[in-house]
Amino acid sequence: MKDVYIVDAVRTPFGRHGGALSGVRPDDLAAHVVRALVERTGQDSVDEASPLSASASARGWPSYSKGSVMSTPLPQADIDLEIAAIRAAREGAQAHHPDRDYAPYRSTALRHPKQPLVPLKDPEAAELTGPVFGVTDVTALDADLTRQHLGEPMGERITVHGRVFDRHGRPVRGQLVEIWQANAAGRYPHQRDDHPAPLDPNFTGVGRCLTDDDGGYAFTTIKPGAYPWRNHLNAWRPAHIHFSVFGTAFTQRLVTQMYFPGDPLFPYDPILNSVTDERARQRLVAAYDHDLSKPEWSLGYRWDIVLDGPAATWMEEGR
Amino acid sequence: MNPTPSQTVGPFYGYALPFPGGGNIALGGITVHGRVYDGAGDPVPDALLEFWQADPAGGLSGAPGTLRRDPVDGSIIGRNGVDFTGFGRVPTDADGHWTLRTLDPGNGYISVCVFARGLLHHLYTRIYLRHDAFLDALPPERGRTLVAAEEREGVYRFDIHLQGEKETVFLDFG
């Protein structure tokens, strides 16, 4: 906990519901209050350069650090500009994975290392092997997320099929695939997801399976809804299913998100757009596959996964 | 083939990935614990750590059964206490703290994979329990970030700093 000092205070303007202030954005009201405070105390409250304060000053609002009275909610338009600027700078460049430092996704700011990664190429490295999973680690019901409760979940029933490969196109066999997702209304059964969308007593949103001899996996679930988050003002995540996949080596570990084709929220989402290479971004989007749809029952999606990273050849030869 | 890009684990994995006893690879051996910190020095309460390691003889074959299930109700009943699976998974608590109970790895280190909200691509590091030639190749102040401190017999402390002056060395296996 950091020390907090209260220097001065002013109250926000009061207004009735639908009254004279109803057309003023809440963050404009807040900016008004902070401006009054800054003028009255003569404080130059900028004590660190943050994207929030930079954005605020660009819009003619008083600058203040994220530690002062309140943060200015950043509008989507500002995030769009940041996404576009980074994309323009990377135009055409191949990049398989997102940078860990991607400013439009605000939570990256304090959670990415600033030192370069240290290369480690050791044929004896433990990371060239990995954990093993087997028949005791999954049950037959795990891959059907619609049958884990007494009743049927609400929403559009779908199946997601795909195969897991390594970089050489070889199937990754007998490895654990885990998924988790929001319900059809976009709500997670998690205390920190408290936005006003209903929980579904018949849907948790967790699935597991082992890949088969072709590297194949299959889940039956319901299509997750989009949901709001607090990265910026009016931030919405496109519908997605979280995937966690193991390869034969710990270096092949992958946690990612599968998106649905044609989602109108794609251009607005900092997390998807952290993958700056359009070709790589497309690899996160499943394909609708009519042949996988079942009459009177479910819609089918196909999504193949390719694991990055080296694996020990002696292990691969043994499989 | 080009790889599928990584995406953050997000804030809501807690009802899906962690499982009871995830940090108890084996009992009766060593305890390793610590905190995960962000670049402001604050604990990270929503990181997920995965551990992979050799058995005491240095073997890396692992065994299945980390997520062993009750065949009646499907609940996770965990490792059977006989086979050494070598794999652990622990979410940090509200104070950024994690604990791993395991056996001393024969090769001297435990591999760690770090996931978190705000981390778009996981990070690898290692917990060294003994001196290793790899550490000598690093500047001393950086190499120290990979070495666990023995607090008392069999209990080791290992903090992970995602960013900042004490930033942990993270590894690239190419």
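The values are calculated or read from the model by the stated rules, or taken from the named source; none is laboratory data. Since we're looking at a predicted model, the values are computed, not measured. A quick note on method: Cβ atoms are made from the backbone with ideal geometry, for glycine too, and the neighbour counts reach across all protein chains shown. Each accessible area value is taken on the protein alone, full model and side chains, heavy atoms only, with ligands, DNA and RNA left out. Shrake-Rupley method; radii C 1.70, N 1.55, O 1.52, S 1.80 Å.
Quick notes on this structure:
- Residue within the range A:136-144 that is farther than 18 Å from A:VAL306 by Cα and part of a loop (DSSP other than H, G, I, E, B) present: yes
- A:GLY262 vs. criteria within 20 Å of the chain's Cα centre (by Cα), away from chain B (no Cβ under 13 Å) and not aliphatic (A, V, I, L, M): yes
- Checking each residue in the range A:152-210 for being acidic (Asp, Glu) and either more than 10 Å from chain B (Cβ to nearest Cβ) or within 22 Å of A:SER298 (Cβ to Cβ) (or both) picks out A:GLU152, A:GLU156, A:GLU178, A:ASP194, A:ASP200.
Residue-by-condition table, conditions (1) in the same structural domain as A:GLN191 (by TED's automatic domain parsing); (2) assigned to a loop (DSSP other than H, G, I, E, B); (3) touching a helix residue (DSSP H, G or I) at 6+ places or on another chain (Cβ under 8 Å); (4) among the β-branched types (Val, Ile, Thr):
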| site | (1), (2), (3), (4) |
| --- | --- |
| A:PRO228 | yes, no, no, no |
| A:ASN231 | yes, yes, yes, no |
| A:HIS242 | yes, no, yes, no |
| A:GLY247 | yes, yes, no, no |
| A:GLN257 | yes, no, yes, no |
| A:GLY262 | yes, yes, no, no |
| A:PRO267 | yes, no, yes, no |
| A:ARG279 | yes, no, no, no |
| A:ASP308 | yes, yes, yes, no |
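- Here the range A:190-234 is the region considered, the condition is being of a type in the set (Lys, Arg) and open to solvent by 40 Å² or more (accessible area, probe 1.4 Å), and the residue that is modelled with the lowest pLDDT is A:ARG192.
Every residue, every condition in (1) in contact with a strand residue (DSSP E or B) (Cβ under 9 Å, 6 or more places away or on another chain); (2) under 30 Å from A:ASP194 (Cα atoms), yes or no:
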{"position": "A:TRP229", "(1), (2)": "yes, yes"}
{"position": "A:ALA239", "(1), (2)": "yes, yes"}
{"position": "A:THR251", "(1), (2)": "yes, no"}
{"position": "A:GLN257", "(1), (2)": "yes, yes"}
{"position": "A:PRO261", "(1), (2)": "yes, yes"}
{"position": "A:SER274", "(1), (2)": "no, yes"}
{"position": "A:TYR288", "(1), (2)": "yes, no"}
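Table: residues versus (1) of a type in the set (Gly, Ala, Ser); (2) at the interface with another protein chain (Cβ under 8 Å from one of its Cβ atoms); (3) in contact with a Leu (Cβ under 6 Å, 6 or more places away or on another chain).
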site	(1), (2), (3)
B:THR85	no, yes, no
B:GLY88	yes, no, yes
B:ASP95	no, no, no
B:ASP104	no, no, no
B:ASP172	no, yes, yes
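- Restricting attention to the range A:288-314, the residues that are modelled with pLDDT of 95 or more and surrounded by 14 or more Cβ atoms within 10 Å (Cβ to Cβ) add up to 15.
- Test: A:THR251 is at the interface with another protein chain (Cβ under 9 Å from one of its Cβ atoms) and of a type outside the set (Phe, Trp, Tyr): yes
- Pick from the range B:1-40, criterion within 7 Å of another protein chain (Cβ to nearest Cβ) and under 19 Å from B:SER111 (Cβ atoms), ranking: surrounded by the fewest Cβ atoms within 10 Å (Cβ to Cβ): B:LEU17
- Checked against the criterion of being within 25 Å of B:LEU162 (Cα to Cα), open to solvent by 40 Å² or more (accessible area, probe 1.4 Å), of a type outside the set (A, V, I, L, M, F, W, C) and not in a loop (DSSP other than H, G, I, E, B), the range B:51-70 has no qualifying residue.
- Of the residues making up the range B:131-148, none is in a loop (DSSP other than H, G, I, E, B), open to solvent by less than 40 Å² (accessible area, probe 1.4 Å) and β-branched (Val, Ile, Thr).
- Any hit, the range A:127-149, residues being among the hydrophobic types (A, V, I, L, M, F, W, C), open to solvent by 40 Å² or more (accessible area, probe 1.4 Å), out of contact with any strand residue (DSSP E or B) (no Cβ under 6 Å at 6 or more places or on another chain) and under 22 Å from A:TYR188 (Cβ atoms): yes
- Test for B:SER75: is it within 20 Å of B:GLY14 (Cα to Cα), without any contact (Cβ under 8 Å) to a residue 12 or more places away in the chain and out of contact with any helix residue (DSSP H, G or I) (no Cβ under 7 Å at 6 or more places or on another chain): yes
- Checklist (1) within 18 Å of the chain's Cα centre (by Cα); (2) surrounded by fewer than 17 Cβ atoms within 10 Å (Cβ to Cβ); (3) β-branched (Val, Ile, Thr) applied to B:VAL44, failing item: (2)
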